[in-house]
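Chemist: This is the structure, below, for whatever I ask next.
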Amino acid sequence: MNLIVRRLGLLFCLCGGLVAFPTANSEDSPDLFLPKVYEPGKVDVRGWLMSEKLDGVRAYWDGQQLLSRGGQIIHAPAWFLKGFPKFELDGELWTRRQDFENIVSIVRQQEPDNRWNQISYRVFDVPNQSGGLLERLAVLETYLKKQSLPQVKLIPQIPVETTDQVQETLDRLVEKGAEGLILRQASQPYVTGRTQTALKVKTYWDDECRVVGYTPGKGRFDGLVGSLVCDWQGQRIKLGSGLSAAERKNPPTLNTWVTFKYYGLTQKGKPRFPVFLRVRTDQGLQ
């Protein structure tokens with residue numbers, strides 16, 4: 001184990017490759033809404049609005065610059081931002097389904113390149129405007145009729161008529177490679193923080209946890225990391241499944257936030273069958 005610790009100490013220096021966005025001033029950090037998990041039967045979502053959950057990079061336009069979820073500046077090209085409104089927008093930098101790694105590699109560049117031609121800004125809310133969700137989105141829709149911004153698109157919002165419609169839509173989109181759905185309570189103002197007025201619907205659950213340690217690998221993983229030990233809501237969980245050989249050799253550093261998926265909770269309230277997905281694309285949220 002000491003050998004592994006010494007090796008990891010060296011690897012952590014080498015894998016400072018966890019490139020972070022440059023940090024914005026703390027007062028510029030966006031106060032965003034964060035969806036909870038949809039549990040059928042617990043919330044009546046009839047009359048809500050649903051949209052596809054895009055697996056891109058969350059981006060908040062504060063009227064002057066794009067900020068990541070954790071408040072880091074996203075260096076989009078000047079041509080991409082030209083004509084953006086003076087009011088705030090909340091959305092996702094996106095290319096297409098199942099293209100997350102490519103999106104991250106483009107968006108995290110401090111010197112933006114021509115790959116930004118692949119990116120569009122898909123807006124799902126217009127904060128600090130009056131009215132419900134559709135009324136707020138209408139503010140941007142009106143703006144886009146006057147200002148040509150082909151890179152800015154509104155994410156379609158579909159009224160929910162029945163609970164069966166949610167599952168049917170989820171199944172249809174997932175079959176096409178989508179990540180899931182987002183349900184929003186249509187009449188609510190823009191509410192920040194983890195809110196019950198916004199719910200994510202997926203074939204599995206996902207969440208984030210903070211790396212606090214490692215277990216040594218055994219067998220074919222001898223000399224490598226066996227699993228990440230993470231702090232999740234005050235509990236210790238281990239993430240071994242999902243780690244690639246490269247990630248076992250160069251694991252996320254301590255205190256890094258990572259995303260994992262799981263399939264419900266055990267009787268003790270721990271994630272069932274947790275699987276490592278990825279390192280958080282920004283590290284400033286927590």
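Chemist: Using the structure shown, decide if Pro85 is at pLDDT 90 or above and either assigned to a loop (DSSP other than H, G, I, E, B) or of a type in the set (A, V, I, L, M) (or both). Steps first, answer last, please.
Modeler: Numbers: at pLDDT 90 or above: yes; either assigned to a loop (DSSP other than H, G, I, E, B) or of a type in the set (A, V, I, L, M) (or both): yes.
Yes: the conditions hold for Pro85.
Chemist: Continuing with this model, one more query. For Ser68, state whether it is modelled with pLDDT under 95, closer than 25 Å to Asp31 by Cβ, touching a helix residue (DSSP H, G or I) at 6+ places or on another chain (Cβ under 9 Å) and in the same structural domain as Leu181 (by TED's automatic domain parsing).
Modeler: yes
Chemist: A follow-up question, please. All but one of (1) assigned to a helix (DSSP H, G or I); (2) touching a residue at least 60 places away in the same chain (Cβ under 8 Å); (3) over 19 Å from the mean Cα position of the chain (by Cα) hold for Leu140; which doesn't?
Modeler: Failed condition: (2).
Chemist: Another question, if that's okay. Out of segment 75-120, which residues are surrounded by 15 or more Cβ atoms within 10 Å (Cβ to Cβ), in contact with a Lys or Arg (Cβ under 9 Å, 6 or more places away or on another chain) and of a type in the set (Asp, Glu)?
Modeler: Asp90, Glu92
Chemist: Identify all residues within segment 41-97 that are within 13 Å of the chain's Cα centre (by Cα) and β-branched (Val, Ile, Thr); write none if there are none.
Modeler: Val57 - this is the single residue of segment 41-97 that is within 13 Å of the chain's Cα centre (by Cα) and β-branched (Val, Ile, Thr).
Chemist: Please indicate, with yes or no, whether at least one residue in segment 145-154 is surrounded by 15 or more Cβ atoms within 10 Å (Cβ to Cβ), free of Cβ contacts under 8 Å to residues at least 12 places away in the same chain and either hydrophobic (A, V, I, L, M, F, W, C) or not assigned by TED's automatic domain parsing to the domain that holds Arg115 (or both).
Modeler: No: zero hits.
Chemist: Can you tell me which residues in segment 101-127 are touching a residue at least 60 places away in the same chain (Cβ under 8 Å) and touching a Gly at 6+ places or on another chain (Cβ under 7 Å)?
Modeler: If the condition is that a residue be touching a residue at least 60 places away in the same chain (Cβ under 8 Å) and touching a Gly at 6+ places or on another chain (Cβ under 7 Å), then Tyr121, Arg122, Phe124 are the ones that fit.
Chemist: For segment 200-286, give me every one of the strands (runs of 3 or more DSSP E) that falls completely inside it and has 1 or more residues that are small (Gly, Ala, Ser) and touching a strand residue (DSSP E or B) at 6+ places or on another chain (Cβ under 8 Å).
Modeler: 205-216, 225-232
Chemist: If I ask for residues that are over 14 Å from the mean Cα position of the chain (by Cα) and either among the acidic types (Asp, Glu) or outside the structural domain of His75 (by TED's automatic domain parsing) (or both), which ones from segment 98-125 would you list?
Modeler: Answer for segment 98-125, where residues must be over 14 Å from the mean Cα position of the chain (by Cα) and either among the acidic types (Asp, Glu) or outside the structural domain of His75 (by TED's automatic domain parsing) (or both): Glu111, Asp113, Asp125.
Chemist: Also: Can you work out which of the residues in segment 128-137 that are assigned to a helix (DSSP H, G or I) and in contact (Cβ under 8 Å) with a residue 24 or more places away in the chain is farthest from Gly47 (Cα to Cα)?
Modeler: The selected residue is Arg136.
The values are calculated or read from the model by the stated rules, or taken from the named source; none is laboratory data. Since the structure is predicted, the reported quantities are computational estimates derived from the model, not experimental observations. For neighbour counting, all protein chains shown are included, and Cβ atoms are generated from backbone atoms with ideal geometry for every residue, glycine included.
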